[in-house]
1. Rounded, prolate or oblate: pick one for chain B, where a ≥ b ≥ c are the square roots of the eigenvalues of its C-alpha gyration tensor, a/c under 1.5 means rounded, and failing that, prolate if a/b is larger than b/c, else oblate.
2. Taking K and R as +1 and D and E as -1, what net charge do the other residues with C-beta under 12 Å from the C-beta of B:G220 add up to?
3. Give the longest segment of chain B that steers clear of trypsin sites (Lys or Arg not before Pro) in DSSP loops with at most 11 neighbouring Cβ atoms within 10 Å, not counting the sites themselves.
4. Sort segment A:120-278 into rounded, prolate or oblate with this rule: let a ≥ b ≥ c be the square roots of the eigenvalues of the Cα gyration tensor; rounded if a/c is under 1.5, and if a/c is not under 1.5, prolate when a/b is larger than b/c, oblate otherwise.
5. Given +1 on the Cβ of Lys and Arg, -1 on the Cβ of Asp and Glu, and no further charges, what dipole in debye does segment B:120-278 carry about its Cα centre, rounded to the nearest 20?
6. Using a label point 7 angstrom from Cα along Cα-to-C-beta, what distances in nm, from shortest up, separate B:E136 from the other copies?
7. Between B:N237 and B:T261, what is the label-to-label distance in nm when each label sits 7 Å out along the Cα-to-Cβ direction?
8. Net charge within 10 Å of A:S79 by Cβ-Cβ distance, Lys/Arg positive one each and Asp/Glu negative one each, not counting A:S79 itself?
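The values are calculated or read from the model by the stated rules, or taken from the named source; none is laboratory data. Given the structure is predicted, the values throughout are model-derived calculations rather than measurements. Please note: Cβ atoms are built from the backbone with ideal geometry, for glycine as well, and neighbour counts cover all protein chains shown. Please note that ligands, DNA and RNA were not included when accessible areas were found on the heavy atoms of the full protein model with its side chains. Shrake-Rupley method; radii C 1.70, N 1.55, O 1.52, S 1.80 Å.
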Number of protein chains: 2
Amino acid sequence: MTNTVLVIGGGPAGLEASRGVSDLGNPVILVEKNAFLGGNPIAERYAMLTGPVFRDAEEAMQDLIKPVTDDSNIKVHLSSTVTALDGELGNFTATITSESGTTESVTVGSVIIATGFKHFDPGYTSGAQQHWGYYEQPDVLTLTDLEKMLKDKNVVKPSNGKVPERVCFIQCVGSRDRQLGNQWCSKVCCGIACKQAIEIRELLPDTRVFIFYIDLRAYGFWEDELYWRAQEQHNVNFVKGVATEVIKRGDKLVVKGEDTTMSRPMEVEMDIVVLSVGMEPSQGTLDMANMLHLPLEDHGYIKTIGGPLNTTQTERPGVFAVGAAVGPADLEDSISSAGAAAMKAVSALRKLKLSAVAGD
Amino acid sequence: MTNTVLVIGGGPAGLEASRGVSDLGNPVILVEKNAFLGGNPIAERYAMLTGPVFRDAEEAMQDLIKPVTDDSNIKVHLSSTVTALDGELGNFTATITSESGTTESVTVGSVIIATGFKHFDPGYTSGAQQHWGYYEQPDVLTLTDLEKMLKDKNVVKPSNGKVPERVCFIQCVGSRDRQLGNQWCSKVCCGIACKQAIEIRELLPDTRVFIFYIDLRAYGFWEDELYWRAQEQHNVNFVKGVATEVIKRGDKLVVKGEDTTMSRPMEVEMDIVVLSVGMEPSQGTLDMANMLHLPLEDHGYIKTIGGPLNTTQTERPGVFAVGAAVGPADLEDSISSAGAAAMKAVSALRKLKLSAVAGD
């Protein structure tokens, strides 16, 4: 048997899991499909991470990346994927295939899957989803599109390059929705919309910002840190309403729907419409579940056993899953579950060794 | 230096942290103020824990308790508190004082604080809070009062012992509120109210159940597992509204407020009113922060450093805090952060030992 732990995915959860395992003394092999570490915050060029204090995402991610790249006990494979995995706790054989096609076979004792989520594609299927006009209207963006603009400190209306007078967010695009898909709540989009609204108002004080929501799910401390702050300090307008359609009228976008608080139809002109797209299991998460024969839970994420009392153990002994590979997750969720899985991946090997010594 | 880890608090987070540390090979001293393990789910006699499947809370908690009590590597001190702690990472001296007054001094290498939360007391201060009538009206309950009734499968109107015809929940009592106190969102109360509403409807099919909410924060999978299920399978009535007063009229309670969706005043008769009380740091959490000179964050919980990228490290090296000691937390949050802290409490000692060996 070997003490080495294989971590699949180099986003926040995978980085934290790798550092945790190595800090406990076990060697780590970290496999990341991109040519760089950092996951979505780096790949999608996030602007700010949020806590009570906004923090530059690229800089903050270095806090997770540097301990991993500096650690000789962690071997990082970039531009690589795990293409086969056989065996059992204490003795798995994994095949790591690089983009260039070279393969390497490694022996590992346990596995942590940190392959995360992807953002819902608002134009993914035809028909029903087209009313958002994401692929037709240049001024219809997603949260990730806007995040990149905020990172560049250049929020303009894509169709004409001008500063927008009015920007709105439409919440729950690809969340809580049986028609468009994905009936779960993606957990973080309300907080992210509040964060981005604040950032727009700081960057462009003359731009009016609206958030159309069903329930504003700024749970925990996000309530006052993001939701109240957006309203009170930055005059962001929150409208409980259901947007149903975005159409083009002249130079403007028109959002149609219902203002449910005022009980009346709503038709408002905007320069930019931001679709608050939800989370789905990433292709990597689905691929790993398939390759490892791991059952999915009802929403299509990797299933963990034991409900809330065991957040990272999959049905296969020695294989753990963390962060957004097991469901919608905020950054705290990802960091905590990654740390917990590091503990479990190491202790499972320790227990196996003890029972081998005891001759069980 | 010693490898022993002190865990303070024997609720879900403290139990998971204890098991995690011991599974990594380090001895654990677990100190619990009650005469039993299990924390609030046992002390407050919770009925069901929720996941996709409801599970008897007492039985589920045994999954966490039994590995701890069966483990000779974990020494449990019941009916005890930590009354002094001095020293530093690798060499803390803790005084454990039992209810009977005997004290014991122990040496530990690192510390995990899992002292959790308490439920908001809806009659705690005079004046403003009295309009809920919690201490005046026997038929005004809290979530925890109702939880005990559900556990006993005996939900009756306390004033006359009869089966209630109409029950309502008032959300955000002691949450999101500058007047009554606690401006944060307590995270779990929306989900718990949905869960209890389902349980009432299963137990008493003729009882009508209403939930008055500001935003229904059934985040993640709770959206369809609890919120939709409550509406579609159990006909629970959700009303977006602000309740402002509960008064007695004859045999009934009258809830006054505003139905914000219908934009009209609301005055509805109920047999039982359930106040969905929020979370506050427990006295134990405040005591430990004070004794250990740990700074509190803006809401009064123990402050962790590093924002979302470090969920358990306090400002004092070697001291970690988990679960609801650091903010409102659901069971998943508590279990994940406890596991992460177990990893960190052990790896901090390992690193210290390595640097001592290296002569740093």
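1. Working: a/c = 2.22, a/b = 2.09, b/c = 1.06.
Since a/c reaches 1.5 and a/b is larger than b/c, the shape of chain B is classed as prolate.
2. -4
3. Details: sites that count: B:K153, B:K162, B:R178.
It runs B:179-360.
4. rounded
5. Here the size comes out at about 120 debye.
6. Distances to the matching label points in the other copies: 5.9 nm.
7. Result for the modelled spin labels: 1.1 nm.
8. Values: positive: A:K33; negative: A:E32, A:E99.
Charge balance in the 10 Å sphere: -1.
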